[in-house]
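The values are calculated or read from the model by the stated rules, or taken from the named source; none is laboratory data. This is a predicted model, so every value here is computed, not measured. Please note: Cβ atoms are built from the backbone with ideal geometry, for glycine as well, and neighbour counts cover all protein chains shown.
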């Protein structure tokens, strides 16, 4: 348990940030998983891919995931959804 006033405040802040990050990271992962399972026309696949890429870029910008992780996941998604 923190003793100093600043340590107590820092703990409060980190608990809030952890909850916020957990929620956003979960939403990001859900979006990516949904995109992996998309079937349908080329337009639907492209729209899902754009949505996932935007979510990954947003996550990288906010510090949820590393920018190289976002780039790697975008590349793998595009490769997986490419027409065979």
Exercise. Identify all residues within region 18-34 that are under 25 Å from residue 53 (Cβ atoms) and loosely packed, with under 11 Cβ neighbours inside 10 Å; write none if there are none.
Key: 23, 26, 33
Self-check item: Selection from region 37-58 of residues that are more than 25 Å from residue 17 (Cα to Cα) and either in contact with a strand residue (DSSP E or B) (Cβ under 8 Å, 6 or more places away or on another chain) or loosely packed, with under 13 Cβ neighbours inside 10 Å (or both)
Solution: 37, 39, 40, 41, 42, 43, 44, 46, 50
Quiz item: surrounded by fewer than 16 Cβ atoms within 10 Å (Cβ to Cβ), modelled with pLDDT under 95, in a helix (DSSP H, G or I) and in contact with a helix residue (DSSP H, G or I) (Cβ under 7 Å, 6 or more places away or on another chain) - does that describe any residue in region 67-81?
Solution: yes
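Results for (1) touching a residue at least 24 places away in the same chain (Cβ under 8 Å); (2) in contact with a helix residue (DSSP H, G or I) (Cβ under 6 Å, 6 or more places away or on another chain), shown as yes or no for each residue.
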| site | (1), (2) |
| --- | --- |
| 1 | no, no |
| 15 | no, no |
| 27 | yes, no |
| 32 | yes, yes |
| 35 | yes, yes |
| 39 | no, no |
| 42 | yes, no |
| 50 | no, no |
Quiz item: Is it the case that residue 61 is in a helix (DSSP H, G or I), at pLDDT 95 or above and either exposed (fewer than 11 other Cβ atoms within 10 Å of the Cβ) or within 11 Å of the chain's Cα centre (by Cα) (or both)?
Solution: yes
